[in-house]
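First comes the structure, then the notes that go with it.
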Amino acid sequence: MNATMGQDLEKAIDVLKSNKVVAIPTETVYGLAGNALSTESVAEIFRVKNRPSFDPLIVHVPDVTSWNKYAKNIPEKAMALANKVGPAPITYILPKKDIIPDIVTSGHPTVGLRIHNHPLTLDLLNKINFPLAAPSANPFGYVSPTTAQHVQDQLGEKIQYILDGGPCNVGVESTIIDFSGEKITVLRLGGFKVEELEELLEEKLLIKTSSSNPSAPGMLISHYSPGIPLVVGNIQELLEENKGKKISVISLVRKGENTSMISHHPLSEAADLNEAARNLFKVLRELKETSSELIIAEKFPDQGLGKAINDRLKRAAGTTF
Ligand code: TXA
Ligand code: MG
């Protein structure tokens, strides 16, 4: 049986109150939400996603004033940033209070708090008296969903309700910043530009998004699998090397046609990296339905959301470049 899809907040609240899970829209990707204060609800998230218990969940709150309920020793810089930017594609890693169950944080002494910017889910968060634990609403290791239908396709049989907030505006997951250590560190490149964060925080940030980083196990190489081999690099060279295969190409703008291409997916004809990020996961999903034997993606400009796009392509390829 499929999940019901709609905008019925009361229905979503009913499901959440029974310690079950609901898919929710955020401006980055859809999340699979449960009551973060209920171990039963959180266990259901791990079960539905088939997620290993060592990979901690992000906790969604409606505003910065609620941070004090769930986090302690909050650095001034984190508070100042949150006050300045408001709801945004940023997850703040902060020392956690005991009220957050260990299952949420996989035993880590820190919690990832996020104030996202989707009106429907913000409305939901303001109507309940608990925060929502919500990882991306995809089976573990797969591409994150950016529409309600994506969630339906992959998890529809396992959940009751999908809150449909339309297609996600940003399209890649939040930027994760760790404020719990001595130096502010970016653990995941995402929907909020690192350049802008550095300007706002008035310091250069450490970027530690490698797969060897044990504090962000979700950052494993070989995440975001499109189910078809994917290579990243110079398109013309890779087309030459792979002559004879059925090839699909992902690039920023349209590049010269080639007979071995069975499909070509420019992510933004206007060369806009924000638009490209918004389209990336949708295209990776569509490619799965083609008869392609190989996906060739170009390396995107290493700036703004191009950094997050390159990160996801790298993980989809399961290699470094
Ligand atoms: O945009 C997003 O962040 C979406 C929406 C739904 O909020 N969520 C999302 O969740 O991408 P997920 O579970 O797919 O990725 C969360 C990442 C994981 O890599 C996890 O390891 C990291 O956040 N994380 C969560 N809590 C952490 C903590 N306390 N310390 C370090 N990393 C943490
Ligand atoms: Mg995820």
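Every number here is computed from the coordinates shown, using simple stated rules; none is lab data. Every value quoted in this text rests on a predicted model; they were computed, and no experiment measured them. For neighbour counting, all protein chains shown are included, and Cβ atoms are generated from backbone atoms with ideal geometry for every residue, glycine included.
Can you run phi through the Karplus equation (6.51, -1.76, 1.60; θ = phi - 60°) for segment 195-203 and list ³J(HN,Hα) in whole Hz, with x for Gly and Pro?
Per-residue couplings from phi come out as 4, 6, 4, 5, 5, 5, 8, 6, 7 Hz.
How fast does the chain diffuse by Stokes-Einstein, in µm²/s, taking the Kirkwood radius from C-alpha pairs at 4 °C and 1.567 mPa s?
D = 65 µm²/s.
If amide hydrogens are placed 1.01 Å from N in the peptide plane, which non-local residues have theirs closer than 5 Å to the one on GLN7?
Those lying under 5 Å, H to H, from GLN7 are ASP164.
Starting at the first residue of segment 297-305, write each ³J(HN,Hα) from the Karplus equation 6.51 cos²θ - 1.76 cosθ + 1.60 with θ = phi - 60°, in whole Hz, x for Gly and Pro.
10, 7, 7, 7, x, 7, 8, x, 6
Could you give the size of the charge dipole of the chain about its Cα centre, using +1 on the Cβ of each K and R and -1 on the Cβ of each D and E, expressed in debye and rounded to the nearest 20?
Values: 34 positive and 37 negative charges, 116 e Å.
Approximately 560 debye in magnitude.
Tell me, what is the percent relative contact order of segment 11-82, built from C-alpha pairs under 8 Å that lie six or more residues apart?
18
Seen from all sides and averaged, what is the projected area of the convex hull of the Cα atoms in segment 61-158, in nm²?
Projected area, direction-averaged: 7.2 nm².
So how do 85-93, 234-242 stack up, highest first, on mean other-Cβ count within 10 Å?
Most protected by this proxy first, the peptides run 85-93, 234-242.
By the scheme Lys and Arg +1, Asp and Glu -1, what is the net charge of all other residues having a beta-carbon under 12 Å from that of ASP311?
Numbers: positive: ARG188, LYS299, LYS307, ARG312, LYS314, ARG315; negative: GLU173, ASP302.
Local net charge: +4.
Run lengths n ≥ 4 of DSSP H only: what is the helix-derived mean residue ellipticity at 222 nm for the chain, with -39500 (n - 2.57) per run over all residues, to the nearest 500?
-8500 deg cm²/dmol
Run the reach check for LYS127 against lysines, Cα to Cα strictly under 20 Å, same-chain hits fewer than 8 apart removed. What comes back?
Result set, ordered by chain and number: LYS11, LYS17, LYS20, LYS69.
Using only the alpha-carbon atoms of segment 20-103 as identical scatterers, what base-10 log of I(q)/I(0) does the Debye formula give at q = 0.15, 0.22, 0.24, 0.27 Å⁻¹?
Reported log10 I(q)/I(0), two decimals: -0.61, -1.20, -1.33, -1.44.
Compute the Kirkwood hydrodynamic radius of segment 231-296, taking the inverse of the mean of 1/r over all pairs of distinct Cα atoms, and give it in Å to one decimal. Could the numbers behind the result be given before it?
Details: mean 1/r = 0.0827 Å⁻¹.
Hydrodynamic radius (Kirkwood, Cα pairs) of segment 231-296 is 12.1 Å.
Which chymotrypsin sites (Phe, Trp or Tyr not before Pro) does segment 112-178 hold that lie in a coil by DSSP with at most 16 other beta carbons within 10 Å?
Numbers: sites: PHE140, TYR142, TYR161; in loops: PHE140.
In loop regions of segment 112-178 (DSSP not H, G, I, E or B), the sparsely surrounded chymotrypsin sites (Phe, Trp or Tyr not before Pro) are PHE140.
Hey, got the dipole for segment 1-47? About the Cα centre, +1 on K and R Cβ, -1 on D and E Cβ, debye to the nearest 20?
The dipole of segment 1-47 has a size of about 120 debye.
When the scattering of segment 96-228 is computed by the Debye formula from its Cα atoms alone, each counted once and equally, what is log10 I(q)/I(0) at q = 0.10, 0.12, 0.15, 0.18 Å⁻¹?
Log-scaled intensity ratios, in q order: -0.40, -0.58, -0.93, -1.33.
Calculate, in whole percent, how much of the Cα-Cα pair population of segment 1-149 lies beyond 23 Å.
Across segment 1-149, Cα pairs with separations above 23 Å total 30 percent.
Rg and Dmax of segment 15-60 over Cα atoms: what are they, in angstrom?
10.1, 27
Report ³J(HN,Hα) in whole Hz for each residue of segment 4-20, in order, from the Karplus equation J = 6.51 cos²θ - 1.76 cosθ + 1.60 where θ = phi - 60°; Gly and Pro get x.
6, 10, x, 10, 7, 5, 4, 4, 4, 5, 4, 4, 4, 5, 8, 6, 9
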